[in-house]
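The numbers here are math on the coordinates, done by the rules we state, and not lab data. Just so it is clear, the structure is predicted and the values come from calculations on it, not from any experiment. Ideal geometry is used to build each Cβ from the backbone, glycine not excepted, and the neighbour counts take in all protein chains shown.
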Amino acid sequence: MLGNVLSGAWHGGNATWPLHTRPLLQPAWDYLQRHHEGTLRSPLFPALLSIFTYLLLVLFYTVLDLLAPTWPSIRRYQIHPERTVTWQNIGATLALTTYNHLLYIFPAAVAQWLWRPPVPLPPEAPSLTAFLLGIVGCVVLFDFQYYLWHVLHHRISWLYSTFHAIHHQYRQPFSLVTQYLSAWELFSVGLWTTVDPVLLGCHCLTGWAFMIFNVWVSAEDHCGYDFPWALHRLVPFGLWGGVQRHDIHHLQPGTNFAPFFTHWDWLAGTACASTTKPPRAETEEDESGDSTKASGQRADNGA
Ligand SMILES: [Zn+2]
Ligand SMILES: [Zn+2]
């Protein structure tokens, strides 16, 4: 039943919607199918969609990072206005992202492309309700999965040092730190992003929208800017952690494990709304110009 609601298939797989109940998204879905069917059906499409969304977002934030030192109107939104993102930081983070994608993500996508037939596209678009509920469902599920993964990879020293410490080499993140990850972490995140919409029986359009949303909020969590449109300012009752809380996680790794919402950290007693530690590492980082080595040696799993 839930699967039917989320896929929007209330009238059965092949039934046609009466005109007055046609999904609002139908014209857009018809257009996409008519003009881009080959691309949409390719198993490579989700990986490419995710990568291009990520590159577009980090390009935007990186331009801001480079302008911020001389533009006070940008700097006033920075969480750590005293830090500067150097070309060395940009090169190091981009190099690992490129390495992971060339070595793991693209081969996995190509293997899927060779072994799996092109994905069939349903003729009907999801209803707007099914589309939005599907995204919310995927976000809630992903938040729980990553929360468990994250706590485990902080509490078990071997898991931390082998797979997660690399992400904590930056104590004051900037957008490119979003995918400064071990291959295992990138694989776990990619797997849930792909599988969760299938588990919840979502329409493929919902799945792709969730993928874009997930990349956007992950980049926002690391961007280092607390803009007026940041999600934690828009979602009421402090339910959304967002950039402020994830920034605190990088400074105080024993807090704020959930990537999106705050409820799991509230329940586990690991929620933290403001930092108590001075950002000492970044001062040294700026002096040495190499944050990877400077703060990496002090990596602290917060267990
Ligand atoms: Zn992070
Ligand atoms: Zn962590």
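Can you find a residue in the range 155-170 that is within 22 Å of TYR54 (Cβ to Cβ), within 16 Å of ligand 1 (Cβ to nearest atom), in a loop (DSSP other than H, G, I, E, B) and not acidic (Asp, Glu)?
Yes, the range 155-170 contains a residue that is within 22 Å of TYR54 (Cβ to Cβ), within 16 Å of ligand 1 (Cβ to nearest atom), in a loop (DSSP other than H, G, I, E, B) and not acidic (Asp, Glu).
Just to be sure before I move on: is ALA111 without any contact (Cβ under 8 Å) to a residue 24 or more places away in the chain and in a helix (DSSP H, G or I) in the structure I sent?
Yes, satisfied.
Exactly one condition in (1) assigned to a helix (DSSP H, G or I); (2) within 19 Å of LEU49 (Cα to Cα) is false for CYS202; which is it?
Failing condition for CYS202: (1).
Can you pull out every residue in the range 218-237 that is in contact with a Ser or Thr (Cβ under 6 Å, 6 or more places away or on another chain) and either under 15 Å from GLN78 (Cα atoms) or not polar (S, T, N, Q) (or both)? Even if it seems obvious, please write down each step before you answer.
Residues of the range 218-237 in contact with a Ser or Thr (Cβ under 6 Å, 6 or more places away or on another chain): 218-219, 222-223.
Passing the criteria: ALA219, HIS222, CYS223.
Looking for something within 16 Å of ligand 1 (Cβ to nearest atom), in a loop (DSSP other than H, G, I, E, B) and in contact with a Leu (Cβ under 7 Å, 6 or more places away or on another chain) - is there at least one such residue anywhere in the range 171-181?
Yes: the range 171-181 contains one or more residues that are within 16 Å of ligand 1 (Cβ to nearest atom), in a loop (DSSP other than H, G, I, E, B) and in contact with a Leu (Cβ under 7 Å, 6 or more places away or on another chain).
Is it the case that LEU121 is in contact (Cβ under 8 Å) with a residue 24 or more places away in the chain and either among the charged types (D, E, K, R) or more than 16 Å from ligand 1 (Cβ to nearest atom) (or both)? Walk me through how you get there before you give the answer.
Working: in contact (Cβ under 8 Å) with a residue 24 or more places away in the chain: yes; either among the charged types (D, E, K, R) or more than 16 Å from ligand 1 (Cβ to nearest atom) (or both): yes.
Judged against the criteria, LEU121 is a match.
Looking only at the range 169-193, count every residue that is out of contact with any Gly (no Cβ under 8 Å at 6 or more places or on another chain), surrounded by 23 or more Cβ atoms within 10 Å (Cβ to Cβ) and of a type outside the set (S, T, N, Q) and tell me the total.
5
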